[in-house]
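Contents: one structure, followed by commentary.
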Amino acid sequence: MDKILVCGKKPLYGTINVSGMKNAALPILFATVLVGGRFSIGNLPNVSDINETLSILKQLGATVIGEPGNKDNITVIDTTRLKDDLTLSPQRSEKMRASYYLIGAALGRCGKASVGVPGGCDFGYRPIDQHLKCFSALGATVKQENGMILAEAPEGLKGTRVYFDVVSVGATVNAILAATRAEGFTILENVAKEPHIVNLTEFLNFCGAHISGAGTDTIKIRGEQHLHGCDYDIIPDMIEAGTYMIAAAITGGDVLVDNVIPKHLESVNAKLMEMGVDVTVNDESVRIRRDPDKALQNTKVTAMPYPGFPTDMQPQMCALMCTCQGTGYITEAVWNSRFGYVNGLARLGAQIVVNGKMAVIEGGHPLSGTTVTAVDLRGGAALILAGLAAQGVTVIDKIHLIERGYDDIVGKLERLGADIKRVSFPG
Ligand code: UD1
């Protein structure tokens, strides 16, 4: 029953340090299962999805030394010897989306995977047909039975050519994991180009894999059985960075968002500038300034695969658009149903009409605090941002959803001057 309480209307000032990227770390942690070896992983974010994944690795027989957030910021993982049975139960796999990366990793390592259907944020129907299509193309027999996905390739996986019908981050990751140790050559076409795809292939190449083309829409993999551990640092979280950039813009103030890769933030920077926010891009940081007395102008945003505006920034951008002058438009082109959080914004006084994959926002209606409920990770972050702009106290419920992906969000905002706290209420 933990909640976050925000008392709004306080401008933010200072420097905020961005943590490692959850969605880059998750594929790499499952890749340690594929490779088998000793790894020293730097910059793991201290968020519940990462802690859950480390717990899964331990269950599979890995040793893990150094919790995320330790003072050296390094976690040592040894997956050299794992249990014979790499099964993951539905109860464990449904706790998060990325559990399905164990299918590609276990298939690649031992030709057999048995993993419960994955969970994750509720954005409507989330098929995994492209993952299964790729495993089959690589020579595995795949079936779904009693809430489990069962894949088997007793003769090993064989390189192939796969054209993805939709651009999918998860299917691209799973295909790379499965094909890295397959016999022969694999070509993956129409793949995702997200920075975490590039991060995963760089990690695997450090382990001895032969993967090229990441960051373009075709990835080529020459299968390699002899892989080894490595030392690797997780890239900064562009979604966390973007969230704090919007926190600075929505409250007014002057914030340096530090430890970022500005290239990954180009679409967010462009939109903020268009709206009237003062954005200065440095080598590894972005400075966001906004005069709290100057109104921002509303805009149009289309959430698309990278390098388009990230769907995982769409709810936070919507919170900002509620406070801008004029009418704003958001088109969600990745997910069928990603406006569940709008109800919470409306409770705070926002005027939003959702029609299918589009939201129309009548900006400039004053927000005022009340109790709201997070419905998913980024939608929950949007409620915190709206609370920072609202008059009075906003109480946010179901914050475990936010803590799946934000490392110390309350502490970080508090250090910038926000009036925010995390409170435990008895059961
Ligand atoms: C990942 C991110 C999520 C982000 C999303 C898009 C993780 C853990 N999660 O999710 O935060 O919002 O990328 O950037 O990294 N699709 C199919 N068939 C498939 C797979 C996907 O039709 O087999 C569709 C989905 O329904 C969706 C679109 O493809 O409409 C994109 O999904 P995908 O990129 O796979 O998202 P995830 O990897 O699940």
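The values are calculated or read from the model by the stated rules, or taken from the named source; none is laboratory data. The model shown is predicted, which means the values in this text are computed figures rather than measured ones. Here the Cβ is made from the backbone with ideal geometry for all residues, glycine too, and neighbour counts use every protein chain on show. The accessibility values were calculated without ligands, DNA or RNA, using every heavy atom of the protein model including side chains. Shrake-Rupley method; radii C 1.70, N 1.55, O 1.52, S 1.80 Å.
Of the residues 203, 164, only one is at pLDDT 95 or above, aromatic (Phe, Trp, Tyr) and within 22 Å of residue 333 (Cβ to Cβ); which? Give the derivation first.
Working: 203 fails: within 22 Å of residue 333 (Cβ to Cβ).
Just a single option satisfies the conditions, and that option is 164.
Looking at region 263-294, which of the residues that are touching a Gly at 6+ places or on another chain (Cβ under 9 Å) and basic (Lys, Arg) is most open to solvent (accessible area, probe 1.4 Å)?
The qualifying residue most open to solvent (accessible area, probe 1.4 Å) is 294.
Take the conditions over 20 Å from residue 333 (Cα atoms), hydrophobic (A, V, I, L, M, F, W, C) and either open to solvent by less than 10 Å² (accessible area, probe 1.4 Å) or at pLDDT 95 or above (or both) and apply them to residue 377. Does it pass?
Working: over 20 Å from residue 333 (Cα atoms): no; hydrophobic (A, V, I, L, M, F, W, C): yes; either open to solvent by less than 10 Å² (accessible area, probe 1.4 Å) or at pLDDT 95 or above (or both): yes.
Answer is no for this residue.
Please find, within region 288-316, the residue that is farthest from residue 334 (Cα to Cα) out of those that are polar (S, T, N, Q) and away from the ligand (no atom under 11 Å from the Cβ).
First pass over region 288-316, keeping only residues polar (S, T, N, Q): 297-299, 302, 311, 314, 316.
Restricting the remaining residues to those that are away from the ligand (no atom under 11 Å from the Cβ) gives 297-299, 302, 316.
Numbers: 297: 25, 298: 22, 299: 19, 302: 9, 316: 16 Å.
Filtering first and then ranking leaves 297.
I need the full set of residues from region 229-246 which are part of a loop (DSSP other than H, G, I, E, B) and either touching a helix residue (DSSP H, G or I) at 6+ places or on another chain (Cβ under 6 Å) or at pLDDT below 95 (or both), in order please.
So in region 229-246, the residues part of a loop (DSSP other than H, G, I, E, B) come out as 229-230, 234-235, 237.
Across region 229-246, the qualifying residues are 230, 234, 235.
Within region 159-167, identify whether any single residue is away from the ligand (no atom under 12 Å from the Cβ), in contact (Cβ under 8 Å) with a residue 24 or more places away in the chain, assigned to a strand (DSSP E or B) and surrounded by fewer than 17 Cβ atoms within 10 Å (Cβ to Cβ), and answer yes or no.
Looking through region 159-167, at least one residue is away from the ligand (no atom under 12 Å from the Cβ), in contact (Cβ under 8 Å) with a residue 24 or more places away in the chain, assigned to a strand (DSSP E or B) and surrounded by fewer than 17 Cβ atoms within 10 Å (Cβ to Cβ).
Please work out if residue 226 is in a loop (DSSP other than H, G, I, E, B) and either without any contact (Cβ under 8 Å) to a residue 60 or more places away in the chain or not assigned by TED's automatic domain parsing to the domain that holds residue 79 (or both).
yes
Could you tell me whether residue 53 is modelled with pLDDT of 95 or more and in contact with a Leu (Cβ under 8 Å, 6 or more places away or on another chain)?
Yes.
Take residue 176 and decide whether it is of a type in the set (Val, Ile, Thr), surrounded by 19 or more Cβ atoms within 10 Å (Cβ to Cβ) and assigned to a helix (DSSP H, G or I). Working first, answer last.
Details: of a type in the set (Val, Ile, Thr): yes; surrounded by 19 or more Cβ atoms within 10 Å (Cβ to Cβ): yes; assigned to a helix (DSSP H, G or I): yes.
Yes, satisfied.
Has region 359-367 got at least one residue that is within 22 Å of residue 337 (Cα to Cα) and within 15 Å of the ligand (Cβ to nearest atom)?
No, because not a single residue in region 359-367 is within 22 Å of residue 337 (Cα to Cα) and within 15 Å of the ligand (Cβ to nearest atom).
When region 142-158 is examined, which residues are found to be over 27 Å from residue 334 (Cα atoms), more than 16 Å from the ligand (Cβ to nearest atom) and not polar (S, T, N, Q)? Give the derivation first.
As a first pass, look at region 142-158 and keep what is over 27 Å from residue 334 (Cα atoms): 145-146, 150-158.
With the extra rule that they be more than 16 Å from the ligand (Cβ to nearest atom), the set shrinks to 145-146, 150, 152-158.
If the condition is that a residue be over 27 Å from residue 334 (Cα atoms), more than 16 Å from the ligand (Cβ to nearest atom) and not polar (S, T, N, Q), then 145, 150, 152, 153, 154, 155, 156, 157, 158 are the ones that fit.
Can you tell me which residue in region 318-339 is farthest from the ligand (Cβ to nearest atom), limited to those that are of a type in the set (A, V, I, L, M) and open to solvent by 50 Å² or more (accessible area, probe 1.4 Å)?
Pass one, region 318-339, residues of a type in the set (A, V, I, L, M): 319-321, 330, 333-334.
Within this subset, residues satisfying the condition of being open to solvent by 50 Å² or more (accessible area, probe 1.4 Å) are 333-334.
Values: 333: 9, 334: 5 Å.
The extreme case among them is 333.
Can you tell me which residue in region 113-130 is nearest to residue 32 (Cα to Cα), limited to those that are touching a Pro at 6+ places or on another chain (Cβ under 9 Å) and open to solvent by 30 Å² or more (accessible area, probe 1.4 Å)?
117
Considering only residues of region 180-208 that are assigned to a loop (DSSP other than H, G, I, E, B) and open to solvent by 10 Å² or more (accessible area, probe 1.4 Å), which is farthest from residue 16 (Cα to Cα)? Step through it out loud before you land on a result.
Here is the first cut: in region 180-208, the ones assigned to a loop (DSSP other than H, G, I, E, B) are 181-182, 184, 190-194, 207-208.
Applying the additional criterion that residues be open to solvent by 10 Å² or more (accessible area, probe 1.4 Å) yields 181, 184, 190, 193-194, 208.
Numbers: 181: 40, 184: 46, 190: 36, 193: 27, 194: 24, 208: 36 Å.
Once the filter is applied, the top-ranked residue is 184.
Looking only at region 103-112, which residues are surrounded by 24 or more Cβ atoms within 10 Å (Cβ to Cβ) and either on the phi > 0 side of the Ramachandran plot or within 13 Å of the ligand (Cβ to nearest atom) (or both)?
Residues of region 103-112 surrounded by 24 or more Cβ atoms within 10 Å (Cβ to Cβ): 103-108.
Of everything in region 103-112, those that are surrounded by 24 or more Cβ atoms within 10 Å (Cβ to Cβ) and either on the phi > 0 side of the Ramachandran plot or within 13 Å of the ligand (Cβ to nearest atom) (or both) turn out to be 103, 104.
Filter region 345-370 down to the residues that are assigned to a strand (DSSP E or B) and buried (at least 20 other Cβ atoms within 10 Å of the Cβ) and list them by number. It would help to see each step written out before you state the result.
Of the residues in region 345-370, the ones assigned to a strand (DSSP E or B) are 351-355, 358-362, 368.
Answer for region 345-370, where residues must be assigned to a strand (DSSP E or B) and buried (at least 20 other Cβ atoms within 10 Å of the Cβ): 352, 359, 361.
Taking residue 424 and the conditions (1) in contact (Cβ under 8 Å) with a residue 60 or more places away in the chain; (2) within 23 Å of residue 303 (Cα to Cα), which numbered condition does it fall short on, given that it satisfies the others?
Result: residue 424 fails condition (2) only.
Check region 131-141 and report whether any residue there is away from the ligand (no atom under 16 Å from the Cβ), at positive phi and in contact with a Pro (Cβ under 7 Å, 6 or more places away or on another chain).
Within region 131-141 (the criterion being away from the ligand (no atom under 16 Å from the Cβ), at positive phi and in contact with a Pro (Cβ under 7 Å, 6 or more places away or on another chain)), the answer is no, since none of the residues qualifies.
Please list, ordered by first then second residue, the pairs with beta carbon atoms under 6 Å, 6 or more apart or interchain, first in region 95-124 and closer than 17 Å to residue 337 by Cβ and aromatic (Phe, Trp, Tyr), second open to solvent by 30 Å² or more (accessible area, probe 1.4 Å) and in a loop (DSSP other than H, G, I, E, B).
So the pair list comes out as 123/335; 123/337.
Are there any pairs with C-beta distances below 7 angstrom linking a residue in region 258-282 that is farther than 12 Å from residue 310 by Cβ to a residue that is among the charged types (D, E, K, R) and buried (at least 17 other Cβ atoms within 10 Å of the Cβ), with the two at least 6 apart or on different chains, and if so which?
277/290; 278/290; 280/287
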